[in-house]
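Asker: One structure coming up, written as structure tokens, with questions to follow.
The values are calculated or read from the model by the stated rules, or taken from the named source; none is laboratory data. This structure is a prediction, so every number in the text was calculated from the model and none was measured. Every residue, glycine among them, receives a Cβ derived from its backbone with ideal geometry; neighbour counts consider all protein chains shown. Only protein heavy atoms, including side chains, enter the accessible area calculation; ligands, DNA and RNA are left aside. Shrake-Rupley method; radii C 1.70, N 1.55, O 1.52, S 1.80 Å.
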Amino acid sequence: MQRTITRISPDQPTCQLFTGHIGCGKSTELFRLKAELEQDGFYVVYFESSQDLDMGDVDISDILLSIARQVSETMESAKIKVRPSYFTNLFAEVAEFLQTPIDLSAEAELSVGIARVTAKTKDSPKLRSQLRQYLEPRTNSILQSINEELLDVANLELKRQGKKGLAVKEWQQRVHKK
């Protein structure tokens, strides 16, 4: 994975799947990869989506919002401003669609906006279902915004700061219940 990111495709986005049995060392390898990429000059965002998501009830829109929140939160802590216009408009539409007040001021960071939306729906299966139904036909647009308005912008800014690029490592532990 490191070779693909650093040598084969350092200027092209890649998507790689890393899987294995419980206890086989996936987390250990991902932490090793993180350290190696950082040593090679990459800025790495590593997060466990299972901390954000209810793994027993997860949808593609939940995963995309989790990725957007984690990346934007990390960029914000690195003093890199990312404010995808698509998400600004989307959150206004979501608040109206759900008919629930969600304070999303213009100054609010993207991660704060996502956190407010997900907090409103977290304890309500009905609202969560409505949000998913609303977001599902917008999945491609959400993904495009994440790629173009969040990851590409962050990657360019990190390169301006002397980094070789941005690597996002999302770890998802699935628990199988009997």
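Asker: Which order do the peptides 3-10, 90-97 take when ranked by the mean count of other beta-carbon atoms within 10 Å per residue, highest first?
Answerer: On the way: 3-10: 12.9, 90-97: 16.1.
Result, highest mean first: 90-97, 3-10.
Asker: What do you reckon, how do 55, 1 stack up by accessible area (1.4 Å probe), largest on top?
Answerer: Numbers: 55 50, 1 70 Å².
The most accessible residue leads, giving 1, 55.
Asker: Could you tell me which of the pairs 81/164; 34/163; 26/169; 26/79; 79/120 are separated by over 20 angstrom between their Cα atoms in the structure shown? All intermediate terms of the calculation are to be shown ahead of the outcome.
Answerer: Details: 81/164 18 Å; 34/163 14 Å; 26/169 12 Å; 26/79 30 Å; 79/120 27 Å.
Long pairs (Cα-Cα over 20 Å): 26/79; 79/120.
Asker: Grab the Cα-Cα distance for residue 156 and residue 18, subtract it from 0.36 nm times how many residues apart they are, and report the gain in nm with one decimal.
Answerer: Details: separation 138, 0.36 × 138 = 49.68 nm, distance 2.61 nm.
Extra length available between residue 156 and residue 18 comes to 47.1 nm.
Asker: A follow-up question, please. On average, how much accessible surface per residue is there in region 54-164, in Å², for a 1.4 Å probe, leaving out ligands, DNA and RNA? List each step's numbers first, then the result.
Answerer: Details: 6080 Å² over 111 residues.
Accessible surface, normalised per residue, equals 55 Å².
Asker: Grab the Cα-Cα distance for residue 92 and residue 27, subtract it from 0.36 nm times how many residues apart they are, and report the gain in nm with one decimal. Write down the numbers at each step before the final one.
Answerer: Working: separation 65, 0.36 × 65 = 23.40 nm, distance 3.71 nm.
Stretched out fully, the residue 92 to residue 27 stretch lengthens by 19.7 nm.
Asker: Follow-up question, since we're still on this one. For residue 55 paired with residue 127, estimate the spin-label separation in nm (one decimal), with each label point 7 Å from Cα along the Cα-to-Cβ line.
Answerer: Spacing of the two 7 Å Cα→Cβ label points: 2.6 nm.
Asker: Go through region 40-54 residue by residue and turn each phi into a ³J(HN,Hα) via Karplus (6.51, -1.76, 1.60, θ = phi - 60°); whole Hz please, and just put x for glycine and proline.
Answerer: Once θ is set to phi - 60°, the couplings for region 40-54 become 7, x, 8, 9, 10, 9, 10, 8, 9, 5, 5, 6, 8, 10, 7 Hz.
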